[in-house]
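Read through the structure below, which is laid out as structure tokens, and then see the notes.
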Amino acid sequence: EGSELELLGALHETKRDSTAGVLHQFLSNEGVSKEELFESLTNQTVELVLTAHPTQVNRRTLLEKHGRVQKILTEADSLRNNGGTPFQCQQLDDALRREIASIWQTDEVSRVKPSPQSEAARGTLVIETVLWESLPLFLRKLDATMKSAMGPEYGLPLTASPFVFASWMGGDRDGNPNVTPDVTREVCLTNRIKAAELLEGDVRELMGLISGNPPTRANMERSEAMEKVRERAGAESRAPFRGYLHPVATKLANTAAWGRQELQKLQKKNNCATAELEEMSSSSSTNIAPDEVYLNKDELMEELLTVHQSLCDTGNAVVANGRLADIIRKVSAFGLTLVPLDVRQESDRHAEALDCITKYLGLGSYLQWDEGARVNWITQQLQSKRPLLRAGTWNEVGNEEFFTDTSRDTLETFEMISEQHEASLGAYVISQRVGN
């Protein structure tokens, strides 16, 4: 029983391994087969949505300080258990005092009202500082637990995503007029930039870890994956994996640069007068071509899986299932967007927008129709291949009498949604709905 106990970091507490315990209970007491359990674990996904209020989000500075405190306490536990020298103990005591003194004098909250963009950045900080490393570590543990409980052939597949994440911050406009379509555009770009930066750092680290050159033997089976690696890296390369991954890291860097360019163009557009837009557009065109960036995680995933397979084919599975496996699991969980945004808007805003459209089209007032007439009309429009309204009609001169400010914002939100790249957005949530 003692082997089932686990020491939790710097805390002197023990706890049963709940994951292993649940698996053994299913297999022994619940009559669930290994195949059924494996199928459930590998095909179901739990989506965790970040909805924290900005006032509940800790500042980056404090999160970093708390992390250093945790590290100091963990090192102190190790010294206590292994017999550290008085000098080593004194160094840790001094470091802990410095962190506590700094935390005591650090403001816990921002004294400047944050913008929706900064609120979103603070909210997703937990992914960058905690989940980015802790999630693959947990999945590695889950993989080991599944193999221990059910057999080595029942490990967690590399591309399985038991957990994924979404966020309302930057997409939830219900009751918040400051969350405009351009705010959501900015947050989507910011998330892509951060994901690309984190993945680039991981890939460059990986390039240093798998710098070897597997020997080619006559009796070795042909490996298509290894052939792909050598084809890109060059037949004479002494570090084929590094050569194969270098363009991947470069493309991730380009992806982040492209995101920053697009973000800058968007911010400039919002700060320019109408007369300046044409000049701005000609002087700030994107220099990075679409084929130089990752917009779909499948392309990146295929390249990483190629490296993984080539390592396994050349007798380096232990290397493949280390840091590379962690990166593949990150791409499965976080993709190229870090966290997709759920868009939320109250139902009255949609009804108002439809009312403005029907009045513009000369069909009368949507709000005055009964439920049956509304359903029939909407059904006809959904089945029709013709667009109901030309994009931008609501902003054209002369249409002010038909479209209210709030209806224009609602329609522009849908236009923004149609522009986003794959996986930038998640669910569309309609709140405060009444009726059937």
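Here is how the numbers come out for the structure above:
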{"read-out": "Selected residue [touching a strand residue (DSSP E or B) at 6+ places or on another chain (Cβ under 8 Å), of a type in the set (Ser, Thr, Tyr) and modelled with pLDDT under 90] from THR51, THR55, THR45, THR85", "value": "THR51"}
{"read-out": "Residue within segment 405-417 that is farther than 30 Å from THR124 by Cβ, of a type in the set (Ser, Thr, Tyr) and not in a helix (DSSP H, G or I) present", "value": "no"}
{"read-out": "Selected residue [over 27 Å from ARG140 (Cβ atoms), touching a residue at least 40 places away in the same chain (Cβ under 8 Å), open to solvent by 50 Å² or more (accessible area, probe 1.4 Å) and touching a helix residue (DSSP H, G or I) at 6+ places or on another chain (Cβ under 7 Å)] from THR159, THR190", "value": "THR190"}
{"read-out": "Residue selected from segment 418-436 under the condition in a loop (DSSP other than H, G, I, E, B) and of a type in the set (Gly, Ala, Ser), by the criterion least open to solvent (accessible area, probe 1.4 Å)", "value": "SER424"}
{"read-out": "Conditions (1) assigned to a helix (DSSP H, G or I); (2) open to solvent by less than 40 Å² (accessible area, probe 1.4 Å); (3) among the small types (Gly, Ala, Ser); number of the one not met by ALA121", "value": "(2)"}
{"read-out": "Test: residue in segment 134-146 that is over 25 Å from the mean Cα position of the chain (by Cα) and crowded, with 18+ Cβ neighbours inside 10 Å", "value": "yes"}
{"read-out": "LYS269 being in contact with a Leu (Cβ under 9 Å, 6 or more places away or on another chain), open to solvent by 60 Å² or more (accessible area, probe 1.4 Å) and modelled with pLDDT of 85 or more", "value": "no"}
{"read-out": "Single residue of ASP348, ASP313 found to be of a type in the set (Asp, Glu) and within 30 Å of GLN432 (Cα to Cα)", "value": "ASP348"}
{"read-out": "Segment 382-404: number of residues that are open to solvent by 60 Å² or more (accessible area, probe 1.4 Å), assigned to a helix (DSSP H, G or I) and not aliphatic (A, V, I, L, M)", "value": "2"}
{"read-out": "Output for segment 329-366, where each listed residue is closer than 21 Å to MET169 by Cβ and open to solvent by 20 Å² or more (accessible area, probe 1.4 Å)", "value": "PRO340, ARG344, GLU346, ARG349"}
{"read-out": "Any hit, segment 198-207, residues being surrounded by fewer than 20 Cβ atoms within 10 Å (Cβ to Cβ), under 20 Å from ALA325 (Cα atoms) and in contact with a His (Cβ under 8 Å, 6 or more places away or on another chain)", "value": "yes"}
{"read-out": "Subset tally (residues that are among the polar types (S, T, N, Q) and either part of a loop (DSSP other than H, G, I, E, B) or closer than 21 Å to GLU346 by Cβ (or both)) for segment 357-381", "value": "3"}
{"read-out": "In segment 246-264, the residues that are within 14 Å of ASN191 (Cβ to Cβ) and of a type outside the set (Asp, Glu)", "value": "THR255, ALA256, TRP258, GLY259, ARG260, LEU263"}
{"read-out": "Residues within segment 81-111 that are assigned to a loop (DSSP other than H, G, I, E, B), more than 19 Å from LYS65 (Cα to Cα) and open to solvent by less than 100 Å² (accessible area, probe 1.4 Å), tallied", "value": "3"}
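The values are calculated or read from the model by the stated rules, or taken from the named source; none is laboratory data. Quantities reported herein were computed from a predicted structural model and do not represent experimental measurements. Neighbour counts are summed over all protein chains in view; Cβ atoms, including those assigned to glycine, are modelled from backbone coordinates with ideal geometry. Only protein heavy atoms, including side chains, enter the accessible area calculation; ligands, DNA and RNA are left aside. Shrake-Rupley method; radii C 1.70, N 1.55, O 1.52, S 1.80 Å.
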